[in-house]
Amino acid sequence: MFAPKLISQYIIRQFLMSFFAVLITLGAIILLFDVIELMKKESIPSFGFANVLTLGLLKLPNMILTVLPFVVLIAAIIVFWRLTKSYELVVIRAAGQSVWQFVTPLLITSFIIGIFSVTVFNPFSASMFSKFQHMDDDRKGIPHISSSQGLWLREHRDNKMFVVHARGIRQEKLELTLRNVTIFVFSDKNAFIKRIDANSAALNQGFFNLNNVRIYENGKNIEKHDILQIPTELTLGKIQENFASPETISFWDLPDIIEFFENSGFSAHPHRLHLQSLLVTPFLLMTMILIAAVFSVDPNQRKGGGALKISGAIVSGFLLYFMTRITYALGFSTALPVGFATWSPPVIFALISISLLLHREDG
């Protein structure tokens, strides 16, 4: 299944050289266009070119993760084209090596790159993208949390369940303010205990500080308080995660965030979908290698049409990416199950590519 060690090392070295060259080139192009786009929207004397460049650099890691499949695809095409151009591929095939023997090292390398991008680079990218969004919100004068459509929270504490509803929510710096707040208190057996209404509430150091409070409880008169403190385990950071895009959350934090959201009454569907899209990344990169091999590896190197084959590989890669975006959108709208939405495009394209390679190799 594997090519001789020397050949495998040579192919992997060629691939890594092409990979980093393409990565740096695309990264520079993306940064350039992002900075130009920001300069069009901003008055440089007021905002400062340094801040514009900082925004572009903070966004760059997230964009690199987005274009990573194309980087792998183009790098693989370059490697196969070089081997074909120098007739090294002819020599390798003449030595009795099958297509699988010199494609497998690239599949393993791309898989390792995918694992690294998810487990190491993604946390860095998420942190940078979170800073980018905060800096961009500050630039636009938008509070980090702001919603006029309301918020629902659920919390289990002291053998009771607290359901918090606010018709409006707003963050100013580190202070979170809720407007027109209603808190329903239930027992651990889901029996209604009481209802607490307040004109406003502020989340501060493990407490909801309620203003102009009215408490309704069966068999008792309405209690009124100007100020009332209610303990809570909710924090500003946890609530911020619900409003933040999943791309700002590290791969390692996503499982805990999903569990917290589901226990607190949030919808964790976008985060669960994002987690699955990260898990499929190594296999998506391997599929890009297979696509490049289908169009670049040909037993008969005298047929010509190299430009057409390269175009076909790039178009197929874009088609795969386009399909992943479509199924992701359908999964986001819950029209497709999460697993099917994220895994089906790379699996389908991988099976088609493997079938074509088998047919080409074995006739």
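State all residues of segment 167-205 that are on the phi > 0 side of the Ramachandran plot and either modelled with pLDDT under 85 or outside the structural domain of R157 (by TED's automatic domain parsing) (or both); if no residue qualifies, say none.
Passing the criteria: K173, N190, Q205.
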Next on the checklist: Taking the condition of being in contact with a helix residue (DSSP H, G or I) (Cβ under 8 Å, 6 or more places away or on another chain), more than 20 Å from I291 (Cα to Cα) and part of a helix (DSSP H, G or I), how many residues in segment 327-345 meet it?
Outcome noted: 8
Checklist outcome for this item: The residue from F295, F251, F208, F283 that alone is surrounded by 19 or more Cβ atoms within 10 Å (Cβ to Cβ), assigned to a helix (DSSP H, G or I) and modelled with pLDDT of 80 or more is F295
Checklist entry - So, in segment 332-345, of the ones that are under 27 Å from A313 (Cβ atoms) and in contact (Cβ under 8 Å) with a residue 24 or more places away in the chain, which residue ends up farthest from the chain's Cα centre (by Cα)? => result P345
Next on the checklist: Between P246, P345, which is modelled with pLDDT of 90 or more and either under 21 Å from S117 (Cβ atoms) or not polar (S, T, N, Q) (or both)?
Outcome noted: P345
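Within segment 91-100, which residues are part of a helix (DSSP H, G or I), farther than 22 Å from S311 by Cα and of a type in the set (A, V, I, L, M, F, W, C)?
Scanning segment 91-100 gives V91, I92, A94, W100.
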Checklist entry - So which residues in segment 306-318 are surrounded by fewer than 19 Cβ atoms within 10 Å (Cβ to Cβ) and closer than 19 Å to L278 by Cα, if there are any at all? => result F318
Next on the checklist: If a residue must be among the hydrophobic types (A, V, I, L, M, F, W, C) and either surrounded by fewer than 22 Cβ atoms within 10 Å (Cβ to Cβ) or not assigned by TED's automatic domain parsing to the domain that holds I12 (or both), how many such residues does segment 71-82 contain?
Outcome noted: 2
Checklist entry - Can you name every residue in segment 346-363 that is in contact (Cβ under 8 Å) with a residue 40 or more places away in the chain and closer than 15 Å to L319 by Cα? => result P346, V347, F349, A350, S353
Item to check | Single residue of F111, F124 found to be within 30 Å of L55 (Cβ to Cβ), surrounded by fewer than 17 Cβ atoms within 10 Å (Cβ to Cβ) and either among the hydrophobic types (A, V, I, L, M, F, W, C) or touching a Gly at 6+ places or on another chain (Cβ under 7 Å) (or both) | outcome: F124
Checklist entry - Name the residues in segment 321-363 that are among the hydrophobic types (A, V, I, L, M, F, W, C), surrounded by 16 or more Cβ atoms within 10 Å (Cβ to Cβ) and touching a Leu at 6+ places or on another chain (Cβ under 8 Å), would you? => result L336, V338, A341, F349, A350, L357
Checklist outcome for this item: Subset of segment 254-279, residues in a loop (DSSP other than H, G, I, E, B) and at pLDDT below 75, comes to G265, F266, S267
Checklist entry - From the list L106, L68, which residue is at pLDDT 85 or above, within 18 Å of the chain's Cα centre (by Cα), of a type outside the set (G, A, S) and buried (at least 20 other Cβ atoms within 10 Å of the Cβ)? => result L68
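The values are calculated or read from the model by the stated rules, or taken from the named source; none is laboratory data. As the structure is a computational prediction, the values presented were derived from the model and not from experiment. All Cβ positions, even for glycine, are placed from backbone atoms using ideal geometry, and neighbour counts span all protein chains on display.
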